[in-house]
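J.: To start, I am sharing the structure in question, which I have written as structure tokens.
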Amino acid sequence: MSLIFHWFLPTNGDSRHVVGGGHGTPATAFGRNRPPTVAYLSQIARAAEDLGFVGALTPTGAWCEDAWLTTAMVSRHTERLKFLVAFRPGFVSPTLAAQMASTFQRQTGGRLLLNVVTGGESHEQRAYGDFLDKDARYRRTGEFLQIVRDLWEGKTVDLSGEHLQVEDARLARVPDPVPEVYFGGSSPIAGEIAARHVDVYLTWGEPPAQVAEKIAWVRGLAAKEGRTVRFGIRLHVITRDTAEQAWTEADKLLDGFDPVTVKSVQAGLARSESEGQRRMLALHGGSREDLEIHPNLWAGIGLVRGGAGTALVGSHDEVAERIKEYHALGIDEFVLSGYPHLEEAYWFGEGVLPRLAAQGLWQHPFAPTTASAAQVPFTS
């Protein structure tokens, strides 16, 4: 099976510096360097498509543009790229969400993937009118996915749950194909929801030993449900022709972290209810020292950004080796990003993907009309 790579659409803005935001923290001023216009995001999307990325993740929250609307507009400027749309179940009815997904599939030729985000921050959820606590939000997510999946199968759904209730719900037209559901979460109840309902379990970029534990945990829970789940990982990436060049770029990003901003962001993230965010914070402890927490795995991004806070840093060969290391654990999909997202897509697509292709681990998922740079032979 060919490895699957996704890129990221920075709907909170882009820059040559790290753009913060997420988990209740606002986007930093750097996000204004390259505003998230449809024109710019379409540039990134077209580059990702040409290079061989299967899809592009869009985030959700008050700190970024709406994912549904943005991807619907960007989809008109691409042909094959899929969109991994992040959305929160508590903000829209399950029947409407199922209908929206079905419409998206028809209007884009089947290019929707869904990233279900339960929401780890109560104060942010309350701003949207959602006053459930964290565990209740996860239980609601389970009911939501049960309804949506039944609707996608063409069933008429009646459900009176703890949090959701629908009566005689059905879709006039079911999606074809049915969108795959991606989901992440590190708390015990998150594992239960993943085991019952999702296609791909996503983890943030923790060291391999911790990722292996998560995979074994979710895989075991899914087996009890009579299901199998695929696994993906969310990482940033800084890859260059030499390791020295890559680490120089990482140092440039670190030099751009204002101490006051780091302190403010870390204080905000410390209040997070997310177990995954807690695990991210533990990787660096708020310190600029000892940020390489595993060979070529750098925790510096997490000093100023919520959510995914680690990056693969190194030469193209080194980054390819780290990808192989995660793949050996059971990771088949990689959701990547880098600052700025347009340029870093090319660094990875032209530097790392050909090396994985040469080893039989990856092949271009599309049939480009012109030769992709990712197919050009390379020399070590």
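The values are calculated or read from the model by the stated rules, or taken from the named source; none is laboratory data. Predicted, not measured: the structure shown is a model, and the values here were computed from it. Note that each Cβ is placed from the backbone with ideal geometry, even for glycine, and that neighbours are counted across all protein chains shown. We work out accessible area using only protein heavy atoms, side chains counted, and drop any ligands, DNA or RNA first. Shrake-Rupley method; radii C 1.70, N 1.55, O 1.52, S 1.80 Å.
J.: For the chain, what does the relative contact order come out to in percent, with C-alpha contacts under 8 Å and a separation of six or more?
T.: 20 percent.
J.: Roughly how tilted is helix 134-152, in degrees to the nearest 10 and between 0 and 90, from the longest Cα axis of the chain?
T.: 70
J.: Report the net charge of residues surrounding Asp255, where surrounding means a beta-carbon distance below 12 angstrom and charges are Lys +1, Arg +1, Asp -1, Glu -1.
T.: Taking every other residue near Asp255 into account, the sum is 0.
J.: Ok, one more. Can you give the Kirkwood hydrodynamic radius of the chain from its Cα pairs, in Å with one decimal?
T.: 21.0
J.: While we're looking at this one, here's another question. Which value in Å is the Kirkwood Rh of the range 1-138 over different Cα pairs?
T.: 15.8
J.: Within the range 261-287, whose backbone N sits under 19 Å from a point 7 Å along Cα→Cβ of Asp255?
T.: Answer for the range 261-287: 261-262.
J.: Pick out which of Ile301, Ile293, Ile147 has the largest mean-square fluctuation in a Gaussian network model of the chain, springs linking Cα atoms closer than 10 Å.
T.: Ile293
J.: Rounding to the nearest 10 and keeping the result within 0 to 90°, find how far the Cα-based axis of helix 243-255 lies from the longest principal axis of the chain.
T.: 70
J.: For the range 248-302, what percent of Cα pairs sit more than 14 Å apart?
T.: So the pairs more than 14 Å apart make up 55 percent of the total in the range 248-302.
J.: Find the percent of Cα-Cα distances in the range 60-206 that exceed 22 Å, and round it to a whole number.
T.: Above the 22 Å cut-off, the range 60-206 has 39 percent of its Cα pairs.
J.: Quick one: if you stick a label point 7 Å off each Cα along the C-beta vector at Glu225 and His123, how many nm between them?
T.: Label-label distance for Glu225 and His123, simple model: 3.2 nm.
J.: To the nearest 10 degrees, how steep is helix 275-284 against the longest Cα principal axis of the chain, on a 0 to 90 scale?
T.: The angle comes out near 10 degrees.
J.: How do Met1, Met100 rank by accessible surface area computed with a 1.4 Å probe, from largest to smallest?
T.: Accessible-area ranking of Met1, Met100, largest first: Met1, Met100.
J.: Run through the DSSP bridge list for the chain and note the antiparallel percent, rounded to the nearest 5.
T.: The antiparallel proportion sits near 20 percent.
J.: Also: When Lys and Arg each count +1 and Asp and Glu each count -1, what net charge do the other residues less than 14 Å away from Glu65, Cβ to Cβ, add up to?
T.: Value of the local net charge: 0.
J.: Over the Cα atoms of the range 265-333, compute the convex hull volume and normalise it per residue, giving Å³.
T.: About 95 Å³ per residue, rounded to a whole number.
J.: Write out the trypsin sites (Lys or Arg not before Pro) in the range 1-75 meeting two conditions: DSSP loop, and at most 16 other Cβ atoms within 10 Å of their Cβ.
T.: Arg16
J.: Could you work out the local net charge near Asp199, counting Lys and Arg as +1, Asp and Glu as -1, over the other residues with Cβ closer than 15 Å to its Cβ?
T.: Result for the neighbourhood of Asp199: +1.
J.: Quick check of the Kirkwood formula: for the range 193-259, what is the inverse mean of 1/r over all pairs of different Cα atoms, in Å?
T.: Computed over the range 193-259, the radius equals 14.4 Å.
J.: Multiply the residue separation of Ala62 and Leu361 by 0.36 nm, subtract the distance between their alpha-carbon atoms, and state the gained length in nm to one decimal.
T.: 103.9 nm
J.: Further question on the same structure: Report the label-to-label distance for Asp332 and Ala270 in nanometres (one decimal), using points 7 Å from each Cα along the Cα→Cβ vector.
T.: 4.2
J.: Tell me the carbon and sulfur percent of the accessible area for the range 256-374, rounded to whole percent, probe radius 1.4 Å.
T.: C and S atoms contribute 50 percent here.
J.: Express in nm, to one decimal, how much length is gained between Asp168 and Glu213 on full extension, taking 0.36 nm for each residue of separation and deducting their alpha carbon distance.
T.: Full-extension gain reported as 12.1 nm.
J.: Residue separation times 0.36 nm, minus the C-alpha to C-alpha distance between Phe91 and Gln245: what's the value?
T.: Difference between extended and current length: 51.1 nm.
J.: Based on Cα positions only, what radius of gyration and what Dmax would you give for the range 146-204, in angstroms?
T.: Final numbers for Rg and Dmax: 13.3, 38 Å.
J.: Hey, another quick one. Could you tell me which GluC sites (Glu not before Pro) in the range 158-234 are loop residues by DSSP with no more than 14 other beta carbons within 10 angstrom of their beta carbon?
T.: Sites meeting the loop and neighbour criteria: Glu162, Glu225.
J.: Straight-line reach from Lys214: which lysines have a Cα under 21 Å away, not including same-chain ones fewer than 8 places off?
T.: Lys134, Lys224, Lys324
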